[in-house]
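Report on the structure given below.
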Amino acid sequence: MKLGSARVLASASAIAGIALAGFTGRAVGTASAQSAVGVQPGTTTAPLLAEQAFKNIQALKGISAADFMGTMGIMTAALGFDCSECHIAAGTDKVDWAADTPRKVIARRMVNMVVAINQTNFGGRQLVTCWTCHRGRDKPVVTPSLDYVYGMPTLEPDDLVMASVPGLPKPDEIVDKYVQALGGAQRLASITSFSATGTSIGFGGFGGGGAVQIYAKAPDQRSTIIEFKDAPGRDASIRSFDGKTGWIKTPLTVLGEYQLSGSELDGARLDAELGFPSQIKRVLTNLRTLQPATINDRDVNVVQGNGPGRLFATLYFDKETALLTRIVRYGSSPIGRLPTQVDYADYRDVNGVKLPFRFTFAWLDGRDAFQLNDVRVNVPIDAARFGRPTSLETKQ
């Protein structure tokens, strides 16, 4: 994604670019949407499918509405587009999401082409995606640049590596040093909950700042609530996971509030579990060491592991401090992997344990930079704090 591009920023801030469909007018997770698949309010059964939440679905039938939204993020990133470049009057109250436009017709053909290439040539493995050719352009580059051919190559490591690189530290050793740097396994295991408050700024300051509340309870519950108190009437941005069910609520988006499923649900579970680092070797399996890397001029050790479902994650540990600098988790979609990246900094001591007070959460639909000002551990947290977003937002 061209994060410096104003038009991609608009799309990333409100992933309303439903490039292959139109919105039905009901939010996923509401009673009306749940009744479309026989789901009673308050229960969790089969996820709402894209073709049940949107109109005119043709090329991406059978995936959940939540994963459909992530797939749209891949398209915006691969093409450098925003919603208005595929949808009539997008960004206005006259938008017609369901109408077919020439670019939407081409997009459907491209989705089917990518699936066919992988099926015919690679046994169904997803080795070709939208990003493979487009790289942030609407038309792929077809001619090599001689400056590129004879210049310094840009080395891009593989997303997924199946085995450790020989001659490097074992992954368990790297993780154990991280746990020790945080305060040791015994102290980490003694932390069963935490709450935090702070502030959040979206990418480039878009949309203004918000007041943040974070709640977490071991082993796998977490909620992040961003409220915009200086903008009366603006909905909060909320991510919640209660150990089984996850939700997202984002202002100014097509779906608004919806229940997670597929890769998004697996990601919410992993985020909640890794909030308690003593669990890292339990929740990530088949750990392997990748080639070292550099982040912000700092050398890092790199470890990768498999998470829930088809999810996998790559973790970057500062070689000098042993602290976690970055984690990138990858979900799946019909047209490419869905990356979510969290960068950590400003570790401070809280009751004998080091915790990051600054972190950035970036996904294909946007980016939030968090600065915490207060973190409290082992506090009682009501289970309702991890529920449906509409119950967590403070009404203004």
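The values are calculated or read from the model by the stated rules, or taken from the named source; none is laboratory data. Keep in mind the model is a prediction, meaning the values are calculated, not measured. Neighbour counts run over all protein chains shown; Cβ positions are idealised from the backbone, glycine included. The protein model used for the area step is the full one, side chains on, heavy atoms only, and it has no ligands, DNA or RNA in it. Shrake-Rupley method; radii C 1.70, N 1.55, O 1.52, S 1.80 Å.
For residue 98, enumerate residues with amide H under 5 Å from its amide H, sequence gap 5+ or separate chain, H modeled in the peptide plane.
23
Could you give the size of the charge dipole of the stretch 234-325 about its Cα centre, using +1 on the Cβ of each K and R and -1 on the Cβ of each D and E, expressed in debye and rounded to the nearest 20? Mind dumping the intermediate values first?
On the way: 11 positive and 11 negative charges, 50 e Å.
My answer is approximately 240 debye.
What residues qualify as long-range amide H neighbours of residue 312, i.e. H under 5 Å apart, gap of 5 or more or another chain, H built at 1.01 Å from N?
Under 5 Å from the amide H of residue 312 lie the amide H atoms of 307, 330, each far enough along the sequence or on another chain.
Would the stretch 176-237 count as rounded, prolate or oblate if I go by the C-alpha gyration tensor, calling it rounded below 1.5 in a/c and otherwise prolate when a/b exceeds b/c, oblate otherwise? Present the calculation step by step, with values, prior to reporting the outcome.
Working: a/c = 3.95, a/b = 2.29, b/c = 1.72.
It comes out prolate by the Cα gyration axes.
Using a/c under 1.5 as the rounded threshold, could you call the stretch 238-396 rounded, prolate or oblate? The axes a ≥ b ≥ c are square roots of the C-alpha gyration tensor eigenvalues, and prolate needs a/b larger than b/c, oblate otherwise. Mind dumping the intermediate values first?
Values: a/c = 1.67, a/b = 1.24, b/c = 1.34.
It is oblate, given that a/c is not under 1.5 and a/b is not larger than b/c.
Each residue of the stretch 311-327 in turn: what ³J(HN,Hα) in whole Hz from Karplus with 6.51, -1.76, 1.60 and θ = phi - 60°, glycine and Pro shown as x?
Coupling constants for the stretch 311-327: 6, 9, 9, 10, 10, 10, 10, 4, 5, 7, 8, 6, 7, 6, 9, 7, 9 Hz.
Through the Karplus equation 6.51 cos²θ - 1.76 cosθ + 1.60, θ set to phi - 60°, convert the phi angles of the stretch 277-285 into ³J(HN,Hα) values in whole Hz; use x for Gly and Pro.
Calculated HN-Hα couplings, in order: x, 5, 8, 4, 7, 8, 8, 10, 10 Hz.
Which value, to two decimals, describes the C-alpha radius of gyration of the stretch 306-396 once divided by 2.2 N^0.38 Å? All intermediate terms of the calculation are to be shown ahead of the outcome.
Values: Rg = 16.2 Å, N = 91, 2.2 N^0.38 = 12.2 Å.
In units of the globular-protein estimate, the stretch 306-396 measures up at 1.33.
Which helices, taking whole DSSP H runs in the chain, have alpha carbons extending 27 angstrom or more along the helix axis plus mean Kyte-Doolittle at least -0.5?
Numbers: long enough: 102-122 (29 Å, 0.11).
Sorted by number, the helices that extend far enough and score high enough are 102-122.
What is the distance, in nm, between label points placed 7 Å from the Cα along the Cα-to-Cβ direction at residue 281 and at residue 244?
Those two pseudo-labels are separated by 3.1 nm.
So what is the accessible area of the stretch 61-217 per residue, in Å², with the probe set to 1.4 Å? Show your work: numbers first, answer last.
Working: 9060 Å² over 157 residues.
Each residue of the stretch 61-217 exposes 58 Å² on average to a 1.4 Å probe.
Could you work out the helix-only [θ] at 222 nm for the chain, with each DSSP H run of four or more residues adding -39,500 (n - 2.57) and the total divided by the number of residues, to the nearest 500 deg cm²/dmol?
Values: 11 runs with 97 residues, N = 396.
Mean residue ellipticity at 222 nm (helix-derived): -7000 deg cm²/dmol.
Along each principal axis of its Cα atoms, how long is the stretch 93-197 end to end? Whole angstroms, biggest number first, please.
Over the stretch 93-197, Cα extents along the principal axes are 60, 49, 33 Å.
Take the alpha-carbon centre of the stretch 135-153, take the same for the stretch 320-396, and report the distance between them in whole Å.
36 Å
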